[in-house]
1. Considering every residue within the stretch 545-561, establish whether at least one is touching a Leu at 6+ places or on another chain (Cβ under 9 Å), part of a helix (DSSP H, G or I) and among the hydrophobic types (A, V, I, L, M, F, W, C).
2. Regarding the stretch 210-229, can at least one residue be identified that is hydrophobic (A, V, I, L, M, F, W, C) and either more than 24 Å from M404 (Cβ to Cβ) or touching a His at 6+ places or on another chain (Cβ under 7 Å) (or both)?
3. Could you tell me whether any residue of the stretch 394-411 is in a loop (DSSP other than H, G, I, E, B), at positive phi and of a type outside the set (A, V, I, L, M, F, W, C)?
4. Could you say which residue among S341, S308, S287, S278 is assigned to a helix (DSSP H, G or I), surrounded by fewer than 17 Cβ atoms within 10 Å (Cβ to Cβ) and among the polar types (S, T, N, Q)?
5. Got at least one residue in the stretch 372-379 being in a helix (DSSP H, G or I), in contact (Cβ under 8 Å) with a residue 12 or more places away in the chain, at negative phi and not charged (D, E, K, R)?
6. Just to verify a result, which residue in the stretch 309-331, among those that are in contact with a Phe, Trp or Tyr (Cβ under 6 Å, 6 or more places away or on another chain) and at pLDDT 80 or above, is nearest to I213 (Cα to Cα)?
7. Applying the selection to the stretch 444-462, what residues are at pLDDT 95 or above, of a type outside the set (D, E) and farther than 12 Å from F527 by Cβ?
8. Contact list please: Cβ distance under 9 Å, first residue in the stretch 299-311 and closer than 16 Å to F289 by Cβ, second residue among the basic types (K, R), pairs at least six apart or on different chains.
Amino acid sequence: MYSITFLSLTAVVVVACFFPKRTQSLVVPFPSSAVRCCFGIHRQSRVLTSALFSTTEDKTDEQTDNKAGEPATMKGEVASSVITTEKNPDAEGLPWWWEVVWDLDIMQVGKSGEEISFGDSANVLRTNIEQIYGGFPSLDGCPLAEGELADIGDGTMFIGLQNYYRNYGSPYKLCFGPKSFLVISDPVQAKHILKDANTNYDKGVLAEILEPIMGKGLIPADPETWSIRRRQIVPAFHKAWLEHIVGLFGYCNQPLIDTLNKRVDGDGKVEMESLFCSVALDIIGLSVFNYEFGSVTQESPVIKAVYSALVEAEHRSMTPAPYWNLPLANQLVPRLRKFNSDLKLLNDVLDDLITRAKQTRTVEDIEELENRNYNEVQDPSLLRFLVDMRGADIDNKQLRDDLMTMLIAGHETTAAVLTWALFELTKNPEIMKELQDEIDEVVGDRMPNYEDIKKMKFLRLVVAETLRMYPEPPLLIRRCRTPDELPQGAGREAKVIRGMDIFMAVYNIHRDERFWPSPDTFDPLRFTRSHSNPDVPGWAGFDPKKWEGKLYPNEVASDFAFLPFGGGARKCVGDEFAILEATVTLAMVLRRFEFSFDESKFEGKDDILSSAQGLNHPVGMRTGATIHTRNGLHLVVEKRGVPK
């Protein structure tokens, strides 16, 4: 059985000798039998597969006794077959040449804190193979998740990770051929990685996936580049600019309002996810680049190139084998040729915008820039601020990387939040009415301003609750650069070896009843109530007083049980921008229109009120860079009879 796996490993070693940089991120496709073995379906513990994927009627008494959303307790034979503390004498064993391979120079691990080398990645694979085939004890103390690749390959990987979590707790180990991840589903452990020991980790696989698209933008940047760029970008999101930019959000939403009015005059049917994507793109274009995409009402080669980059970013985030790194792949693969052509077009546009901004550069200190009268500034864009900042790095490539990062990250997340907020509001008419009453009272028919958003607390809570139920993204990714130990939290203590990749399953944390009572219920007012759980050591609970005076409940108020924008040093710098953008859009749309589900899309589908996780749900869920609908958000729109 293991000979196929070891031959694959040998192939990796040979390739590494000639292409060490490429091989570091290369996942060699294993034959199906070997993939299944490394995925965790080995002969010692097949029993867990049936336990994981059986129906409720098939489960044992021990499993059905577990509370909903609570990880199953592993005992007896099952636990011992997954986590071993002593070497298993019945293991298949390792070949005679095993130790020789690890004496090769290329297989040596790097120094703590330095960039991960091929040897580090290979060492992670080594520990997995030795645990599965050699009978070695679990080095990290974590169980191997059991299942089929198809269970996380149907576009809902985050749901598969939630199912595994309920059986294995946090953390557990998930293997894809030679790649493996520790999956974290606990706020205490997430806080340790994101805040307490954040210098021990970098963005890992995420950086490798996004580097061809975003370069050294803030999201994929290595720690050294990130430290420099963050100091220059964070001041651009200052209060005076945010207050001014709210008016621009209203301007960008007017074409959306006009489009919906036209649909009302027709049959009223509308697919809202695509419209929210368009308005989010228009907002990013004007506020970040001073570029008017006009994507709500038209399409152009530039807009097509933007969506090509977005689709490719999603594709790469869900593809375990980075074939785009292979020699000549970009020349031979049609998909990559098209993507590179579109990316060149988009880069040319960004380069032109950067060049124009630099030609009219007015150098000022940060304090002077923050005190600008934005009502009189012809170009209030973020790009203008970055170019005019005294001492700023205005290298074209770095600025382009920063802008591309904001374009993709800012566009995708807001569109997804708006889509799922409208979905939940349409499902819950009583919440919709309460929200519309607040909008009517505070804003009426005018465009919202910054002070209006501060007054509309329930609107901001609706956005926050949407981000809890549908976090964007549902996973955060890190890679260990310095060996570390995770605290127990609500799960188990674990060791993290250098080179180990980590999934922080934000979706799991946000949907766990130990941290959020009735986690699958849309309840915006939950953020006004305190909650604690003494059964979770090290978790301080949720305290609503800790977010008073802020735009939204954050990771501090929840002690990292709510991570809508990440947390710690590498938390998203555009969090308030995103909240303002979403609230302005919802306020303008819901003041003027009523929505109901388009029942013509229900035929042959599950009940619309059932969980959207189901593959046969009329809306459904799928994973890209964010949580998208599987079938679109098809609604019927009508004009509201609003009070004068």
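1. The answer is no; no qualifying residue exists.
2. Taking the stretch 210-229 first, the residues hydrophobic (A, V, I, L, M, F, W, C) are 210, 213-214, 218-219, 221, 226, 228.
Filter once more, so that each one left must be either more than 24 Å from M404 (Cβ to Cβ) or touching a His at 6+ places or on another chain (Cβ under 7 Å) (or both): none.
Among the residues of the stretch 210-229, not one is hydrophobic (A, V, I, L, M, F, W, C) and either more than 24 Å from M404 (Cβ to Cβ) or touching a His at 6+ places or on another chain (Cβ under 7 Å) (or both), which makes the answer no.
3. To start, the set of residues in the stretch 394-411 that are in a loop (DSSP other than H, G, I, E, B) comprises 394-395.
If we keep only those that are at positive phi as well, we get none.
No, because not a single residue in the stretch 394-411 is in a loop (DSSP other than H, G, I, E, B), at positive phi and of a type outside the set (A, V, I, L, M, F, W, C).
4. Numbers: S308 fails: surrounded by fewer than 17 Cβ atoms within 10 Å (Cβ to Cβ); S287 fails: surrounded by fewer than 17 Cβ atoms within 10 Å (Cβ to Cβ); S278 fails: surrounded by fewer than 17 Cβ atoms within 10 Å (Cβ to Cβ).
Going through S341, S308, S287, S278 in turn, just one is assigned to a helix (DSSP H, G or I), surrounded by fewer than 17 Cβ atoms within 10 Å (Cβ to Cβ) and among the polar types (S, T, N, Q): S341.
5. Residues of the stretch 372-379 in a helix (DSSP H, G or I): none.
No, the stretch 372-379 contains no residue that is in a helix (DSSP H, G or I), in contact (Cβ under 8 Å) with a residue 12 or more places away in the chain, at negative phi and not charged (D, E, K, R).
6. To start, the set of residues in the stretch 309-331 that are in contact with a Phe, Trp or Tyr (Cβ under 6 Å, 6 or more places away or on another chain) comprises 312, 320, 329.
Then keep just the ones that are at pLDDT 80 or above; that gives 312, 329.
On the way: E312: 9, A329: 16 Å.
For the stretch 309-331, the residue satisfying everything is E312.
7. Of all residues in the stretch 444-462, those at pLDDT 95 or above come to 448-462.
Applying the additional criterion that residues be of a type outside the set (D, E) yields 448-450, 453-462.
Hits for the stretch 444-462 are P448, N449, Y450, I453, K454, K455, M456, L459.
8. Here the result reads A305/K344, each pair linking the stretch 299-311 to a residue that is among the basic types (K, R).
The values are calculated or read from the model by the stated rules, or taken from the named source; none is laboratory data. Since this is a predicted model, take the numbers as computed values, not measurements. Here the Cβ is made from the backbone with ideal geometry for all residues, glycine too, and neighbour counts use every protein chain on show.
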